[in-house]
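Trainee: One structure is given below, represented as C-alpha cells, and several questions about it will come after.
Every number in this text was worked out from the coordinates using simple rules, so none of it is lab data. Everything quoted here is computed from the prediction, not taken from an experiment. Positions of Cβ are backbone-derived with ideal geometry, glycine not excepted, and every protein chain shown enters the neighbour counts.
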Amino acid sequence: MIPLYNFHSHSHHCDGKESMEEYVKAAIEKKFKAFGFSAHSPLPFPNEWSLTPEGFRQYVQDARHLIEKYSNEIDLYLGLEIDYIPGHSEDFAGFMKDTPLDYNIGSVHLVRSEEDGKIWFIDGPVEGYINGVNEIFKGDFKAAVTAFYKQSIRMIETQQPQIIGHIDKVKMNNKQRWFSTGEKWYADLIDQTLEAAAKNNCIIELNTRGFYTGKIDEYFPSTDILHKCLDLGIPMMVNSDAHHPSQLDKHFAEGHDLLRKIGFKSVKTPFFEIEI
Ligand SMILES: [Zn+2]
Ligand SMILES: [Zn+2]
C-alpha cells in the first residue's frame, strides 16, 4: 500500500473549514506519512479566500507550533499556495525568504489581461467566469484561455514553483461548452506549459478536488495531459486540495491507480519519492 500523504490543504485560516490541528488529528488517525499546510497566499486586494497579511503571520505561527507538537507522530510541512498575478503578486522567493516556508505550490486562479490589467477569476461560480470573458476578453474564450496558460508559463519560468497547482483548472467552468480541450490551439498551449514545467524541474500535482466535489468529471490535469507528463519525464504527485479534514485522502488511491495505469512508476513530493 502506498503511504498516505497530501501537500495541498486549506484550513479556516483561508477558505477551508476547521482548524489546522483538526487536519493534523485526522491525518494521524488515518496514519498519514506526511501532511502539508498550503493556505492561499495574501493578495494585495480584498477577497474572500486568501490569507490577510496578519492572518499569514498567525498561520505560520500555528503551523510551526503544530509541526513541533506532533513531531513524534507525523511529518508536517509548512507550505503556501501562492497565487501568481504578474504585477500584483509578490515573488515566490520573497515569500520563501521572509517566512521561511518548507515548500510552495504555484497556482493561477486570477488571470490578468495584458491589455488593461483587468482580472478574470477562473474559479468560483460560472456566472463570474463567463462575465469575465465577456468583459475582459470581449467574449473570446480562446483569448482568455490563452492568457491563462501564458500566465502559467510566465509563473513557471520566473518563479519556478516546486509544485504546480491544478494546471488545467481553466477547464473547470467550461465543461467543453465554449472551447474544446481537444482543439489544436489548446493542445499547443498545454505542450508549451509542460515544456516549461519540465525545464524548470516542477512537480505537477494530480489534483482530485474538482472530481470529488462533482464540479468536473475528471481530475486536474486531464488524462491526455498525464500521458504528456510521462513522456516529458515530469514528476507527479497526488493532492486532494482538502478544504475539510474529511477530504484529506479523497481519491488518493484512485489518483495513484490512474498514474500507474498511465505508466508512472513513482510519485515525487518536495521531500520524498515513493514507488507506486
Ligand atoms: Zn488552488
Ligand atoms: Zn488549493
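Trainee: When a/c is below 1.5 the answer is rounded, else prolate if a/b is larger than b/c, else oblate, so apply that to the chain with a ≥ b ≥ c taken from the square roots of the Cα gyration tensor eigenvalues.
Mentor: It is oblate, given that a/c is not under 1.5 and a/b is not larger than b/c.
Trainee: Take the alpha carbon atoms of segment 215-276, find their center, do the same for segment 40-73, and report the distance between the two centers in whole angstrom.
Mentor: Taking the Cα centre of each part, segment 215-276 and segment 40-73 sit 25 Å apart.
Trainee: Taking neighbour counts of Cβ atoms within 10 Å as a proxy for exposure, in what order, fewest first, do K142, K228, K31 appear?
Mentor: Ranked by crowding around the Cβ, least crowded first: K31, K142, K228.
Trainee: Of K199, K97, K265, which is the most mobile in a GNM of the chain whose springs link Cα atoms less than 10 angstrom apart?
Mentor: Judging by the Gaussian network model, the answer is K97.
Trainee: To continue, here is another question. Residue by residue, what Karplus-based ³J(HN,Hα) values in Hz, rounded to whole numbers, does segment 28-35 have, using 6.51, -1.76 and 1.60 with θ = phi - 60° and x for Gly and Pro?
Mentor: 5, 4, 7, 6, 5, 7, 8, 8
Trainee: Full extension from E275 to E157: what is 0.36 nm times the residue separation minus their Cα-Cα distance, to one decimal in nm?
Mentor: Residue separation times 0.36 nm, minus the Cα-Cα distance, leaves 39.6 nm.
Trainee: Neighbouring Cβ atoms within 10 Å as the yardstick, rank Y84, Y149, Y212 fewest first.
Mentor: Ordered by Cβ neighbours within 10 Å, fewest first: Y212, Y149, Y84.
Trainee: Just check segment 76-228 against the gyration tensor rule for me: Cα atoms, a ≥ b ≥ c as the square roots of the eigenvalues, rounded for a/c under 1.5, and otherwise prolate or oblate depending on whether a/b exceeds b/c.
Mentor: Prolate, because a/c is 1.5 or more and a/b exceeds b/c.
Trainee: Turning to a different aspect of this structure: Among C202, C14, which comes first, second and so on when ranked by fewest other beta-carbon atoms within 10 Å?
Mentor: On the way: C202 22, C14 25.
The most exposed by this proxy come first: C202, C14.
Trainee: Would you mind checking the radius of gyration and Dmax of segment 1-47 based on alpha-carbon positions, in Å?
Mentor: When restricted to Cα atoms, segment 1-47 yields Rg and Dmax of 12.6, 44 Å.
Trainee: So what's the projected area for segment 43-82, the Cα convex hull averaged over all directions, in nm²? Display every interim value, and only then the final one.
Mentor: Working: hull surface 12.8 nm².
About 3.2 nm², averaged over all directions.
Trainee: Cut-off 10 angstrom, C-alpha nodes, Gaussian network model of the chain. Which of L206, L258, L76 fluctuates the most?
Mentor: Result for the chain, Cα springs under 10 Å: L258 fluctuates most.
Trainee: Related question: If you take the square roots of the eigenvalues of the alpha-carbon gyration tensor of segment 16-73 and sort them as a ≥ b ≥ c, do you get rounded (a/c under 1.5), prolate (a/b over b/c) or oblate?
Mentor: prolate
Trainee: To continue, here is another question. Ordered by residue, what ³J(HN,Hα) values in Hz, to whole numbers, does segment 58-68 give under the Karplus form 6.51 cos²θ - 1.76 cosθ + 1.60, where θ = phi - 60° and Gly and Pro are x?
Mentor: So the J values, rounded to whole Hz, are 5, 4, 4, 4, 4, 5, 4, 4, 5, 4, 5.
Trainee: Also, I was wondering about something else. With the contact rule set at Cα under 8 Å and sequence spacing of 6 or more, what percent relative contact order holds for segment 5-275? Before the final figure, lay out the partial values.
Mentor: Values: 477 pairs, mean separation 48.6, N = 271.
RCO, segment 5-275: 18 percent.
Trainee: Based solely on its DSSP helices, what 222 nm [θ] is calculated for the chain when runs of n ≥ 4 H residues each add -39,500 (n - 2.57) and the sum is averaged over all residues, nearest 500 deg cm²/dmol?
Mentor: Computed ellipticity for the chain at 222 nm equals -12000 deg cm²/dmol.
Trainee: Select from F45, F35, F137 the residue whose mean-square fluctuation is largest in a Gaussian network model of the chain (Cα-Cα springs shorter than 10 Å).
Mentor: F45
Trainee: Karplus couplings for segment 175-190 from phi (6.51 cos²θ - 1.76 cosθ + 1.60, θ = phi - 60°), rounded to Hz, Gly and Pro as x?
Mentor: 6, 6, 8, 9, 8, 10, 6, x, 6, 5, 4, 6, 4, 5, 5, 4
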